[in-house]
Amino acid sequence: MRGKMDKSELLHLSAVELNRAIREGKTTAVEAMEAVLEQIEKKDGQYNCYVTVAGDTALAKAAEVQKKIEAGELTGPLAGVPVAVKDNMCTEGLLTTCSSKILENFVPAFSAEAVLQLERAGAVVIGKTNMDEFAMGSTTETSAYGVTRNPRNPEHVPGGSSGGSAAAVAAEECFFALGSDTGGSIRQPASYCGVVGMKPTYGTVSRYGLVAYGSSLDQIGPLTKTVEDCAAVLETIASHDKKDSTSVERADTDFTSALVKDVKGMRIGIPRDYLGEGLDSEVRDAVLAAAELLQANGAVVEEFDLSLVEYAIPTYYTIAAAEASSNLERFDGIKYGYRAKDAAGLHQMYKKTRSQGFGPEVKRRIMLGSFVLSSGYYDAYYLKALRVKAMIKKAFDDAFAKYDCILGPVAPTTAPELGRSLADPIKMYLGDIYTISVNLAGLPGISVPCGADSRGLPIGLQLIGDCFNEKKLIQTAYTYEQCAKEGN
Amino acid sequence: MANFIDDRTIEYVGILAKLELSDEEREAAKKDMGRMLDYIDKLNELDTSGVEPMSHVFPVQNVFREDVVTNGDESEKTLGNAPEEKDNMFVVPRTFEGN
């Protein structure tokens with residue numbers, strides 16, 4: 001019954017389709033891993049999605065998993081499926097760099113809880129994907145290990161910071177991937193690469209073993225080929241974890257139950273503030289066409305004023321930089337990672353290690369964060385930002401009193417060309433305008449492909465839900481995806 | 001630029017951030033930070049009096065648990081990452097002056 005599928009046919013499968021094929025004996029976990037490793041061999045020289053590929057270890061684990069599937073011990077929808085993990089999640093025994101020189105040799109002694117959840121379900125880690133250094137960036141160009149190219153057009157960026165994960169899914173160098181989202185870092189690269197990406201409600205997925213950037217904003221989530229895969233992955237990684245004090249105990253994590261093609265009566269609001277100045281007209285047209293399709297299938301769609309949208313970015317950069325400056329203090333060259341040579345004393349060593357180990361964008365945010373937290377400026381900057389955050393959250397509360405979901409673009413444009421973004425940080429930060437407030441308010445958000453621009457670059461549709469309302473997002477996204485596929 | 005970052009401020013922030021900047025980096029950082037703060041000053045357009053600062057969107061509390069060891073001895077794995085190690089300990093540069 002083995003070897004019924006050829007390798008390119010295998011690579012086109014979604015994660016749950018692959019699992020079904022394995023269970024039906026049409027292929028095996030080992031064949032799937034071999035196919036993915038061959039694809040990486042063939043494509044990754046050009047795209048650079050991965051920092052580290054586990055290779056033989058991944059094959060050996062796939063063989064173990066195959067035995068357990070055959071013995072009936074692993075029956076879930078991700079058993080035997082190869083997965084790529086963003087390089088800011090700890091993986092026991094496997095290099096974890098955060099795409100930074102300062103962690104060039106760091107091999108964790110434990111795995112992130114989200115990774116363990118996947119492994120318990122029988123998914124097999126292929127390797128670690130490239131990212132903006134410490135997840136600070138929107139293009140994956142701040143990586144210390146080279147840029148990742150967008151598989152839809154290699155002259156363009158894949159987005160970021162989870163650019164390697166999104167590109168690996170798009171390039172069929174994995175069947176799905178994990179990313180992390182602090183201000184749009186899953187949804188925006190998903191949009192640029194034409195895949196599905198979701199940031200769950202804050203606290204839904206344990207952050208244990210995720211190298212912290214902005215702890216009050218960070219959340220792990222899936223990057224997948226389909227909405228069905230997205231629901232299956234989220235269902236697997238969502239957990240209440242005692243090792244993460246911000247982990248939320250929730251009973252409604254059966255996300256695949258929301259894979260229902262039906263939006264009749266779903267109340268969808270489109271913020272007028274998301275359609276204004278700065279939005280590319282082709283992106284606007286694609287997003288509004290998606291809204292019309294949902295409306296034609298029974299959703300109640302209207303425009304409204306969300307307000308405070310322009311304040312989200314300065315609020316975010318104050319809070320994220322403040323938290324980053326505190327979180328990144330641990331990288332001091334003492335217990336792990338890079339240590340500068342020839343430093344005279346302890347303090348010299350700290351300074352030299354950090355100055356040589358961090359890249360420019362990371363230093364920029366640590367400096368800004370240290371400043372806004374320093375005495376004399378703490379109230380004016382940091383506390384002010386936390387107050388505006390409360391106002392932004394309130395604006396969303398008001399919106400969700402009227403709507404089940406908010407619909408809009410993921411990003412103002414499609415993927416920029418390589419090398420065009422880093423020179424002007426504020427302009428780059430403005431690209432996060434539609435994603436960033438979701439993190440400030442702790443909300444779930446999903447990015448679903450909704451067409452391409454005239455250059456063939458993918459466009460993403462964003463759906464935002466109230467806290468703990470992932471199911472409404474999944475149902476709406478699934479309905480859109482199915483209707484768009486069927487052309488109705 | 002409304003926010004002018006002088007040498008003394010950037011020196012002080014460098015100490016807080018434990019970063020040693022080259023002359024070139026220092027000049028760039030002064031300009032960068034000034035621009036960012038100008039941008040952040042946009043928040044002053046909003047009247048936030050009476051609004052409580054929100055550090056977390058949910059009411060989070062400290063989570064307590066019994067102090068019980070649940071993992072094994074991982075000192076070997078941990079020390080495997082040490083930049084310098086001696087007799088099961090991390091080696092660090094001289095910390096105190098004098099003899």
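Listed values, structure above:
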| item | result |
| --- | --- |
| Size of charge dipole - the protein assembly as shown - debye, nearest 20, with Cβ of Lys, Arg +1 and Asp, Glu -1, no other charges | 280 debye |
| Taking B:Met89, B:Met33, A:Met136 and counting other C-beta atoms within 10 Å, the order from fewest to most | B:Met89, B:Met33, A:Met136 |
| Proxy reagent accessibility, fewest Cβ within 10 Å first, across A:Thr75, A:Thr226 | A:Thr75, A:Thr226 |
| Shielding by partners, peptide A:68-75 (average Cβ within 10 angstrom, other chains) | 0 |
| B:Lys31/B:Glu76 FRET efficiency (R0 35 Å; Cβ-Cβ; nearest 0.05) | 0.15 |
| Those aspartates and glutamates that a straight Cα-Cα span of less than 15 Å connects to A:Lys101, excepting residues fewer than 8 apart in one chain | A:Asp87, A:Asp132, A:Glu133, A:Glu141, A:Asp332, A:Glu361 |
| For A:Cys483, A:Cys467, A:Cys405, order by how many other beta-carbon atoms lie within 10 Å, fewest first | A:Cys483, A:Cys467, A:Cys405 |
| 222 nm mean residue ellipticity, helices alone, for the protein assembly as shown (DSSP H n ≥ 4; -39,500 (n - 2.57); rounded to 500) | -11500 deg cm²/dmol |
| Convex hull volume per residue for chain A, taking Cα atoms only, in Å³ | 140 Å³ |
| Mean shadow area of chain B, taken as a quarter of the surface of its Cα convex hull (nm²) | 14.0 nm² |
| Cα→Cβ-extended label distance, 7 Å offset, between A:Lys427 and B:Glu97, nm | 4.8 nm |
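Each reported figure results from applying straightforward, stated rules to the coordinates on display, with no laboratory input. What you see is a predicted model; the values in this text were computed from it and never measured. As a convention, Cβ positions derive from the backbone with ideal geometry for all residues, glycine included, and neighbour counts pool all protein chains shown.
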